[in-house]
Amino acid sequence: MSDKKFRSSLFGGFNRDDVVKYIEKASEKTAEYRAESVKYHELVLANQKLQDKFNALQKEFGDLSAEADALRDELRGKQAEIEGLQARLEPAEAAAAEFEATKDRLAEMEIAAAKRAAEIEREAKEQADAVAEKCSRSLDKLKAEYISASEDAESTAAHLLSEAERISRRMTTLGAMLADSADAFSELDFRR
C-alpha cells in the first residue's frame, strides 16, 4: 500500500480503515524482521559452537598425533632392542661353531636364546601391531570427525550467509517501507 494513495474519506481526510490496515501491515513486517533477526543471532551462536567443537577436535587430533609419535619412538626402541638381541645371538652362534666339544650345551643355550628372541620379537610385534591399529582407528575417527565438523561448519556458514543476505534484502525493503510510511504520514492531514 506504500505505492498507493489512501482513499479519501467522505468527510475530509483519509479513509481510516486504509490507514489502520497500512499500520497493521507495517507492524507485522516489523515483527517478522525482528523474528528473523533473532533467528540470525541464534545461527551465529550455533556457528560459534561448531567452531569451538572444531577447535577442540583439532587440539585432540594434535594430542593424539603426539601420542602416536611417542608410540612410534617406543616401537623404534623395541626394534633396536630386538636388533641388539639379534646381534648378541650371532656371536653365540659363532662361539658354538668354535666350541664343538660343548656342542650340546651351546645348542641348548642357542635354542633358549632363539626362543627368547622370538618371544621378545613376537611380543614387540604384537605391541607394535596393537599400537598401529589403535593409531589407525584414532586417526580414522579424527579424520571422520574433522570432515564432519568441516562440512557442518561450511554448511552453517553458507546457511548463515544466505540468511544474512535475505535479512539484508528484507531490511532494505523495510527501510524503503518505513521511508514510504514516513512520507505517507507526513502527507496525512488529520485536521477535519
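Bear in mind these aren't lab numbers, they're just calculated from the coordinates by the rules spelled out. Since this is a predicted model, take the numbers as computed values, not measurements. Every residue, glycine among them, receives a Cβ derived from its backbone with ideal geometry; neighbour counts consider all protein chains shown.
Tell me which aspartates and glutamates have Cα within less than 19 Å of LYS115's Cα, excluding those fewer than 8 residues away on the same chain?
Cross-link targets: GLU81, GLU83, GLU90, GLU93, ASP104, GLU123, GLU126.
Taking P(r) over Cα pairs in 5 Å bins from 0, in percent straight from the coordinates, which label in (1) 1, 6, 9, 8, 7, 6, 6, 6, 5, 5, 4, 4, 4, 4, 4, 3, 3, 3, 2, 2, 2, 2, 1, 1, 1, 0, 0, 0; (2) 1, 6, 12, 14, 13, 10, 7, 5, 4, 3, 2, 3, 3, 3, 3, 3, 2, 2, 2, 1, 1, 1, 0, 0, 0; (3) 1, 8, 15, 17, 16, 13, 11, 9, 6, 4, 2, 0, 0 is the correct one?
(1)
Using helices alone, I'd like the mean residue ellipticity at 222 nm for the chain: each DSSP H run of four-plus residues gives -39500 (n - 2.57), total over residue count, nearest 500.
-33500 deg cm²/dmol
Could you state the angle between the C-alpha long axis of helix 16-98 and the longest principal axis of the C-alpha atoms of the chain, as a value from 0 to 90 degrees rounded to the nearest 10?
On a 0 to 90 degree scale, this one is about 10.
Which lysines does LYS53 reach when only Cα atoms under 30 Å apart count, and residues fewer than 8 places away in its own chain are ignored?
LYS39, LYS134, LYS141, LYS143
State to the nearest 20 debye the size of the charge dipole of the chain about its Cα centre, where the only charges are +1 on K and R beta carbons and -1 on D and E beta carbons.
Roughly 1860 debye, rounded to the nearest 20.
For the range 126-191, which chymotrypsin sites (Phe, Trp or Tyr not before Pro) are in a loop by DSSP, counting at most 10 other Cβ atoms within 10 Å?
Counting only loop positions with at most 10 other Cβ atoms within 10 Å, the chymotrypsin sites (Phe, Trp or Tyr not before Pro) in the range 126-191 are PHE190.
Taking the 0 to 90 degree range and rounding to the nearest ten, how far is the long axis of helix 103-187 tilted relative to the main principal axis of the chain, both from C-alpha atoms?
Between helix and principal axis, roughly 10 degrees.
Take every Cα pair under 8 Å in the chain that's 6+ residues apart, average their separations, divide by the length, and report that relative contact order as a whole percent.
The value is 45 percent.
Taking the Cβ of LYS115 as the center, what net charge do the other residues with Cβ under 11 Å away carry, scoring Lys and Arg +1 and Asp and Glu -1?
-2
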